[in-house]
Amino acid sequence: MGDLARTRLVAAVAALLTVGAGLGIRAAGSGDVAKYGGDALYTVLVYTLVVLARPRLRPLAAAAGALAFSWAVELFQLTGVPAEWAGRSVVARLVLGSTFNVPDLLWYAVGAGACWAIHTSLPRSAAPPVAARPRATGGRSPGP
């Protein structure tokens, strides 16, 4: 299995586990733990989907993209449109939420930061060292 396929597989499994954790925390938890844990997991899910779509993206860029998306959705709630849609659709409520809450912005950052930390700590695939890669010589024979 190639590196990109492996990265996508890990991201897909992580996305499924994140959805399960999010549903579980909402079902079993209550109060702030369920609310803010769910917010952090929301950004974790977005991160996994970003990596699934763009497996070559660096962890910092994936975290920044997931955080920007999460913040954009939260700020969109200020318009009232997500609340209206959430009243008609469970999917809209799960994806867009319904009411703006300032602490959510912090918890989205926690989720993005956790993803970045975990992703950067994972071992990178074995790539040939720079010295082992063929070098272009411009038509000249390599010197001693």
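The values are calculated or read from the model by the stated rules, or taken from the named source; none is laboratory data. Note that the coordinates shown come from a computational prediction; the quantities given were computed from them, not determined experimentally. Using ideal geometry, Cβ is built from the backbone for each residue, glycine included, and neighbour counts are taken over all protein chains shown. Heads up: the accessible areas ignore ligands, DNA and RNA and are worked out on the full protein's heavy atoms, side chains in. Shrake-Rupley method; radii C 1.70, N 1.55, O 1.52, S 1.80 Å.
Taking the protein heavy atoms of the chain in the context of the full set of protein chains, the accessible area attributed to carbon and sulfur is 68 percent at 1.4 Å. Relative to the Cα centre, the charge distribution of the stretch 1-112, modelled as +1 at Lys and Arg Cβ and -1 at Asp and Glu Cβ, gives a dipole magnitude of about 380 debye. Please report the base-10 log of the normalised intensity I(q)/I(0) for the chain, using a Debye sum with one equal scatterer per alpha carbon and no solvent, at each q in 0.14 (1/Å). Per q value, in the given order, log10 I(q)/I(0) is -0.71. Extension gain for the segment LEU106 to ASP3, taken as residue separation times 0.36 nm less the Cα-Cα distance, is 33.8 nm to one decimal. Over the chain, DSSP H runs of length four or greater, each weighted -39,500 (n - 2.57), average out per residue to a 222 nm ellipticity of -23000 deg cm²/dmol. Principal axis extents of the Cα atoms in the stretch 21-100, from largest to smallest and rounded to whole angstrom, are 38, 30, 19.
Per residue, the chain exposes 66 Å² of solvent-accessible protein surface, assessed with a 1.4 angstrom probe and all protein chains in place. Need one number: nm distance between label points at ARG26 and VAL90, each 7 Å from Cα along Cα→Cβ, rounded to one decimal. So the two model labels end up 0.9 nm from each other.
Applying a DSSP loop filter and a limit of 12 other Cβ atoms within 10 Å to the trypsin sites (Lys or Arg not before Pro) in the stretch 1-107 leaves ARG56, ARG88.
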